[in-house]
Structures are given as C-alpha cells and as structure tokens.
Amino acid sequence: MTKMDIGYAHESGKTVYTVPAAFQETARLRPHQIALRTAGGTQELTWREYDRRVRAVAAGLAALGVERGDTVGIMLTNRPEFNVVDTAALHMGATPFSIYNTSSSEQITHLFTNAGNKVVVTEKVFLDRITAAGVSIDHLIVVDGPTDGAVTLEQVEAAPATDFDFDAAWRAVEPDDLATLIYTSGTTGPSKGVELTHRNLLAQIIALVNGPLQVGLDDRAVSYLPSAHVADRVTGHVSNLLTGVQITTVADPREIAAALPDARPTAFFGVPRVWQKIKAGIEAKLATEPSPVKRALAHWAIGIGVDAARADLTGKGRSPLLATQHKIAETLVLSKLREALGLDQLKVASSGAAPIPPDTLEYFLGLGFTVSEVWGMSETSGMCTFTELDKPRPGSVGRAVDGVELRLADDGEVLVRGSIITRGYRNMPDKTAEAIDAEGWLHTGDVGTLDADGYLRIVDRKKELIITESGKNIAPSNIENAMTASSSLIGQAVAIGDAKPYIAALIALDPDVVAVRAKQLDATAEDIATLATHPGIVEEVRAAVQAGNARLSRAEQIKRFTILGTTWEPGGDELTPKMSLKRVPIAAKYQAEIEALYAEDISDQVVSIT
C-alpha cells in the first residue's frame, strides 16, 4: 500500500498522511475560527489558540520525559483540555488513550498495566481511584486546579523542555505509528486495548466524509459521549482535527438535550438510547402541555410526519391529501419542534454502537431529518457500514464504506477487511489471532444477513443468541427493541430464555418518563421501587409488552416479565458507558428475579402475558 492510498485530501488541497499533519493544515486555513468551545460558550479556542496550547503542552510533556512511542493516559470529562492534551501527545509521536470515567480502581490497574503509561492527565475527582489502583505513575497532571500529589496542566505548559523541536516531532510521525488505544468494555473478560494507527484513523475519516459525515470547516458537532469510546474519539475529536468541524463539549452526557439548542449542530451522532431519550423528552413535554388544543395539534402533526415518512419509505410516495397535510404540519409544528430541539440546522444525523428500533428511525424521519444507521466497532476504527441519507432503510445498517470488504462466514458471522481494521490488541497476540485471521479478515462476533444489493442487517452478537429449550435460535436485541419502541416508559428491557421453555424479560423504567407518569398519577412522593409496583405503571408496561409482542414471532414473544425497582445508569452494574447491556453481570445480579420468572408459583412481582 503506497502513501497515496492512505493520504487524506485536505480542504486546503494538500495531501496529508498523519493526524498531526492534518491538524496543522486545518489550523493554517482558519486561524481565527472557533475550533473548540464549551456549552454556553464560557470557554472558546480558535484554531490559532488551539495550536498554541498544543505546542505548549507538547513541550511541557517532553520536559516530563514523554517521548515518541510512549503512552499517555487520559481520564477526563468532555472538555477542551482533553482535545488539547490528546492532540499535543499525537504531535510528539506518543500514543494518547482515554479510559472511562466510571472505571474502578481494579479496572484502572489492568488498563494502565496493559498500556504501560507513566503519565496520566485527569481531574481531581478521579485522583483517589487512580492512586488506589497501585500502578506506578511518574507524573499525575490535573486540569482543574492545584491539589496535593499532582501538578497542574498550567504548570506543565509553563515548564517546557528547552531542546524540544515541536515541528520536527510531528513531521517525524509515520502513518503506521500507533495513534491511540481504544479499550473494549470488558463485559466478557479483561478489557482489550485495540491499537489504532494514524493510517487507520485517516482511512476512517475518508470513509466518513465519503459516507454519512460530509462535514467541513463551516459545520458544528457535539462531543458528549466518553472519549474512551471510539465514536467520540473518531467522529468527534479526530474529525475535528482533520475536517475542521467545530466541536462543542458537554461534560455531562445527561445534559446533551439541554446543550443542543446552544450548540446547534449540523452533524450529530447518538447512540440509540440518546435518540430514544430525545423522543421520550418530546413525549413527556407533550404529556404536560396544559393546552389540549396545542397538545392535540402536536400529536396530529407528528403522526402526519410519520405517515409521510412511511409513505416515502414504501417508494409509492405521498397521496395528494397526505402531501397537503404534511405541508401544514411542517409549517405549524414540525419546523418549530426541530428549532426547539436545537436540531433545525442538522444536516447529518447518525446512530450506532447498538441496534436502534426501526420505529425510532421512522419517528425522526417524521420530524424532518434522516438518521443514518451505522455499524462498526473499536476494531474497525469506528464506522464500517452506513445507510445513505437519501436512501433510508430502517432495520438495516447499510452498505460497506468505500475501501472495505464485507462478507459472511458459514455461520452468518460478519467478516470485515480493509485499511480501517486494527493491527491487533495491545500485548495480547492470542486474542489478536482469534479476531483477525491469516487473510486479514476481522471476525466481528456479530451475526448478520446481506441483502442482494449489499445492505447489511445485524441479527445480534454471536455469543448472545438465545437458544430456547425447544432449540429455537432467537436474537434478544430484536425482542428488546420491540419493547423499548412500544413505550418510552421502558428504559431497558432484557430478554431471558436460554435453555428455558419461553422468553421472559427484566424491565427497567426510564427515570425521566416515570417521573412524568408519577405526576400524572399523583404519586410524586413515591420512590422508584414503589412506582414499579403502581397499578398504573404496571398496566402501561403490560400494554407496551403486548404491543411489542404483536411485532414478534410466537417463539420470540415475552410470556412473563418483572419490573425492577431500580433504574440503570451508564457505567453501572448493568450498562456499559455506551449504554449497552452487560448481560452476564445482569444475569448474576438478578438471578432471584430470573428464577421467579420461571417458577410454577408466580410471585406478586411477576406479570404474565396471556
């Protein structure tokens, strides 16, 4: 593979081959334009200021002994300091990597031992967990003020290595140098460090700009997902460096809905739970609308929007009556709703990291924008397939991006090959050999089907398929999506049934929606455990399960469920930081509840569907 195969044609017209080279071109093009900002604009960095900070931090890190090839650990919330530190390390030829802020001391021990970093950049709130990990760290750097046992980022910037040649350092970086490590969630064993090179990252950005993320210097995006996740690191941070898209950072991902009207993104990536939360927020707002006329009008307009979207998806088009109704709905409600959400200037919307219910995609189509469903993983540097914005196909994750080969193994496992594929797992040659075969095919662990025109549909994770007592192979995500799509009250649903006579489910309520329901039920003083047993809540969930069952085959339908008296948070016992289900820990933690779902004598907590 020659350099021209992996070079990135920058907007300046110059071909670049590494991330720092692209950053230098971007900074040169628009020195006075805002590159990074916080929600509300309390902190803003132009590209010139960004470049100045990067040079200062790199020189400071060099004074601490960081050299080309070294790893630099980062444990930060989403804030401009992350971008500055990460970019500075990249310019040195070092390998910056992030870990999830929810990581325990035991997990930090494994991560830092595997990475071999001697420097950590963090915030004061995380220091206790880092020091409790017991890993030898030469330098702890904090970004939010002085504290015992650490130096501040300002102090690092103020004490540069006098002999450090910044420009020589970044020009020495090669395409096959390691750019970052992305650590897997570790739900099936010790977390693995996915090694991504500059070549991988540039190939991913080429795939993005030739696919769904057609952004440039005049566009805006939001960074709110953990920087330890490949989605934020690539579609947020690296995309910013290579395309110049402006980034607004949101420190608390729970505040993303409130931040959107300020950020006004033209491109937005959301994991399915985020899109569902936005949908639930709209529904909750309408539920509390005091004017019955406005409430009825809004429901009518959204319904018309969805009807129009479904008509478009069939290829038959809208009837004259539906077209007229849609124009009225668009003028009176839908355009105003997009503006209120902060998504009125959105050009590129995408969803990935987990399956999203087709109904959710149709809902947002009805609101007036297409959500491109993408599929990929850390090992593919992010996105591997995408649905074209002008060809939405709910239920499919689209076709392979340019430069990527895709095929199915005999058992339906999706195999991928191309320049976006990782070179392997850090210090785990046996795991690398298991994942990537001798011909360069990555065995993804996902089972899928391919349509005649190359569009991929993901069935489920290979290891998560349920095999019932009767031998039926069932995809749990299909069942779970049917439930969450039926009611925003259901935050998460977990299908159970391996080696069992029927499918059952654990259901966790959405905390925001249940709060709205509590108000409607005059039960605002009740806690979540009590609300989980409230007849009104139970009946709404029962109706949602029945509605979800109507979309499923008989073997897939839920026969019994229980509503848990707790809510689940990202990074907790039940959900990964990217809000995927931790199925093995869930099965262990809720063993008693699961056993009750299959007991002959039904307890009061178990609901049967007849």
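Observations on the structure shown:
- Taken together, the criteria exclude A433 from residues that are touching a residue at least 40 places away in the same chain (Cβ under 8 Å) and under 26 Å from R233 (Cα atoms).
- Total residues in region 549-590, condition more than 17 Å from G491 (Cβ to Cβ), open to solvent by 50 Å² or more (accessible area, probe 1.4 Å), part of a loop (DSSP other than H, G, I, E, B) and not hydroxyl-bearing (S, T, Y): 2
- Only listed residue being among the charged types (D, E, K, R), exposed (fewer than 13 other Cβ atoms within 10 Å of the Cβ) and outside any loop (DSSP other than H, G, I, E, B), chosen from E593, E600, E539: E539
- Among residues of region 260-277, those that are under 28 Å from L29 (Cα atoms) and not in a strand (DSSP E or B), counted: 7
- Hits in region 549-572 - residues which are under 18 Å from Y590 (Cβ atoms) and either free of Cβ contacts under 8 Å to residues at least 40 places away in the same chain or of a type in the set (A, V, I, L, M, F, W, C) (or both): I558, F561, I563, L564, G565, W568, E569
- Within region 283-295, if we keep just the residues that are free of Cβ contacts under 8 Å to residues at least 60 places away in the same chain and assigned to a helix (DSSP H, G or I), the residue that is least open to solvent (accessible area, probe 1.4 Å) turns out to be L286.
- Checking each residue in region 519-536 for being part of a helix (DSSP H, G or I) and either in contact with a Leu (Cβ under 6 Å, 6 or more places away or on another chain) or at pLDDT below 85 (or both) picks out only G536.
- Scope region 495-505; condition surrounded by 24 or more Cβ atoms within 10 Å (Cβ to Cβ), in contact (Cβ under 8 Å) with a residue 40 or more places away in the chain and out of contact with any helix residue (DSSP H, G or I) (no Cβ under 6 Å at 6 or more places or on another chain); matching residues: I503, A505
- On the stretch given as region 249-269, residues that are touching a residue at least 12 places away in the same chain (Cβ under 8 Å) and within 16 Å of the chain's Cα centre (by Cα) total 11.
- Scanning region 436-448 for residues being modelled with pLDDT of 90 or more, surrounded by fewer than 20 Cβ atoms within 10 Å (Cβ to Cβ) and part of a strand (DSSP E or B) gives a total of 1.
- Residue count, region 389-405 (criterion: open to solvent by less than 40 Å² (accessible area, probe 1.4 Å) and either modelled with pLDDT of 90 or more or among the acidic types (D, E) (or both)): 2
- The strands (runs of 3 or more DSSP E) found wholly in region 50-169 and carrying at least 1 residues that are among the aliphatic types (A, V, I, L, M) and open to solvent by less than 50 Å² (accessible area, probe 1.4 Å) occupy 71-75, 119-122, 139-142.
The values are calculated or read from the model by the stated rules, or taken from the named source; none is laboratory data. Everything numeric in this text was worked out from a predicted model, so none of it was measured. Neighbour counts are summed over all protein chains in view; Cβ atoms, including those assigned to glycine, are modelled from backbone coordinates with ideal geometry. Please note that ligands, DNA and RNA were not included when accessible areas were found on the heavy atoms of the full protein model with its side chains. Shrake-Rupley method; radii C 1.70, N 1.55, O 1.52, S 1.80 Å.
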